[in-house]
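Have a look at this one.
The values are calculated or read from the model by the stated rules, or taken from the named source; none is laboratory data. It should be emphasised that the depicted structure is a prediction, and the values quoted were computed from it without experimental measurement. Every residue, glycine among them, receives a Cβ derived from its backbone with ideal geometry; neighbour counts consider all protein chains shown.
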Amino acid sequence: MADATVQGSHLSKSFGQRSVIDDLSFEVAPGEVIGLLGKNGAGKTTLLELMLGFTPPTSGTVNVFGHPSQRLPGAVKSRVGFVPQQDELLDQLTVADQLRVIESFYSHWDGELIERLCREWNVNTAARIKDLSVGERQKLSILLAFGQRPHLLVLDEPVASLDPLARRQFLEQLVEISADGERAVIFSSHIVSDIERLANRIWILKNGRLDWQGDLDSLKDSIVRLHIRGAAEAVAGVEVPGAISLRREAGFATAVVRDWNPEVLQSFQGAHAVNVEVESLGLEEIFLELHR
Amino acid sequence: MFVLKPQSGIPIYRQLLEQVRRMVASGQLAPGTELPSVRELAIQHAVNPMTVSKAYSLLEAEGLLERNRGRPMTVANRPKNAAQLSRRLQQVRPLLEQTVLAAKQLELSEADLLKAIREIWEE
């Protein structure tokens, strides 16, 4: 598809014998906000670095705006913004100098936006970077990526050190950025509640593979917890298709299922002579259930 | 105007759908009322704009909202009719089903339950 912002095809990456990314295929379209979730060491940072062309794939391909990420023309690179996990700020500069340095790389820098955000986010532009707190450094890294109004914004754990107020301001700005439907955002974070607000699609990376890739809405519809009640022998005999966990007590069972289809509820209750209550789960619980 | 809980297991667009439906059915949102724009609502709640526009599009398809060129969406003008009653009842049905199920599990009688509902109604 010519319109894809990022497209991966059978992408794999190994370091020596260790496979970190294993045969991933995916597509990111303009307007999408992808929430990338995974345990520590699941391969999130490596996946983002492959997309940005910082490291070559062992096999497979990844294209950004139709170009192999290893060989992005300058015009394409200038449409990509990145907030790394470890900032790359220059300690000896002041905030204002650092902003000017980055601004000089871009012909389409939005100085007005950055001026407004510095004000709203309480960024002291006269301060030396070496004197900034971790949170302040993070704010500045985010501003540096926002200033060029990127069409692809890649954020690797951007908010781990921000306080709740700063995080909310950051999220609001991210909504503004994605509201025109022309930009794509890929956002990795352990703060699941932020992903739950912002993302319309979720990627759950587990052992280098995409264990789930789809709409957040369908994720919430398809992974649910069933509370099953009935006579002891009825419950003991219940088989739950698609269960990723099942716990039984006398007359009571709890199951978490993947690929839940509400239409089977009636027939399931009838077939097993049990009552079933369906509990929908928040993203954090879904994530935990998928990692049990 | 709306209460959105992103951490709920109910997808955000569906929370919005149900609230607009309920408010239109009850008349809290009168025909012609303007709704906040997708952008406003998304920023106000810090949620994905596509999830808001998905809810609006579905509500438009249901005939509850009207899209106006260059202006905010508005609550559609619809004649009040009997269909509205069944529609409103339809919305409380899942809650009723849950209540009846719980009552049966607790071995309450139909009369006990109806009496309790009447008491709550009259509170």
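Test each condition in (1) over 16 Å from the mean Cα position of the chain (by Cα); (2) away from every other protein chain (no Cβ under 14 Å) for A:V224 and report the one that comes out false.
(2)
Can I ask one more? Find the residue count for the stretch A:176-197, including only residues that are more than 7 Å from chain B (Cβ to nearest Cβ), among the aliphatic types (A, V, I, L, M) and over 11 Å from the mean Cα position of the chain (by Cα).
Final tally of qualifying residues: 2.
Here's the yes/no breakdown for (1) under 24 Å from A:S178 (Cβ atoms); (2) in contact with a Ser or Thr (Cβ under 8 Å, 6 or more places away or on another chain); (3) without any contact (Cβ under 8 Å) to a residue 12 or more places away in the chain:
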| site | (1), (2), (3) |
| --- | --- |
| A:R201 | yes, no, no |
| A:N207 | no, no, no |
| A:W212 | yes, no, no |
| A:S218 | yes, no, yes |
| A:S222 | no, no, no |
| A:A231 | no, no, no |
| A:A234 | no, no, no |
| A:G237 | no, no, no |
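Given the conditions (1) out of contact with any helix residue (DSSP H, G or I) (no Cβ under 9 Å at 6 or more places or on another chain); (2) over 14 Å from A:G81 (Cα atoms), and given that A:L171 satisfies all but one, which numbered condition is not satisfied?
Of (1) out of contact with any helix residue (DSSP H, G or I) (no Cβ under 9 Å at 6 or more places or on another chain); (2) over 14 Å from A:G81 (Cα atoms), only one is false for A:L171: (1).
State whether one or more residues within the stretch B:48-62 are hydroxyl-bearing (S, T, Y) and over 30 Å from A:E284 (Cβ atoms).
The answer is no; no qualifying residue exists.
Those residues that are of a type outside the set (G, A, S) and touching a residue at least 40 places away in the same chain (Cβ under 8 Å), I need them from the stretch B:17-40; list them, please.
B:L17, B:E18, B:V20, B:R21, B:R22, B:V24, B:L29, B:P31, B:T33, B:E34, B:L35
Shifting gears a bit: Residues that are within 14 Å of chain B (Cβ to nearest Cβ), under 26 Å from A:S267 (Cβ atoms) and either not in a helix (DSSP H, G or I) or not polar (S, T, N, Q) (or both): does the stretch A:202-214 have at least one?
Within the stretch A:202-214 (the criterion being within 14 Å of chain B (Cβ to nearest Cβ), under 26 Å from A:S267 (Cβ atoms) and either not in a helix (DSSP H, G or I) or not polar (S, T, N, Q) (or both)), the answer is yes, since at least one residue qualifies.
Residues checked against (1) of a type in the set (S, T, N, Q); (2) modelled with pLDDT under 90; (3) at positive phi; (4) part of a loop (DSSP other than H, G, I, E, B):
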site: A:I228; (1), (2), (3), (4): no, no, no, no
site: A:P241; (1), (2), (3), (4): no, yes, no, yes
site: A:L246; (1), (2), (3), (4): no, no, no, no
site: A:T254; (1), (2), (3), (4): yes, no, no, no
site: A:V264; (1), (2), (3), (4): no, yes, no, no
site: A:S267; (1), (2), (3), (4): yes, yes, no, no
site: A:G270; (1), (2), (3), (4): no, yes, no, no
site: A:V276; (1), (2), (3), (4): no, no, no, no
site: A:I286; (1), (2), (3), (4): no, no, no, no
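Only residues that are of a type in the set (G, A, S) and exposed (fewer than 14 other Cβ atoms within 10 Å of the Cβ): list them for the stretch A:117-138, please.
A:A126, A:S133
Let me ask another. Return yes or no: is B:V75 under 30 Å from A:D215 (Cα atoms), β-branched (V, I, T), free of Cβ contacts under 8 Å to residues at least 24 places away in the same chain and more than 10 Å from chain A (Cβ to nearest Cβ)?
So B:V75 does not fit the description; no.
State all residues of the stretch A:5-17 that are buried (at least 18 other Cβ atoms within 10 Å of the Cβ) and either of a type outside the set (V, I, T) or over 16 Å from A:L205 (Cβ atoms) (or both); if no residue qualifies, say none.
A:T5, A:Q7, A:G8, A:L11, A:K13, listed by residue number.
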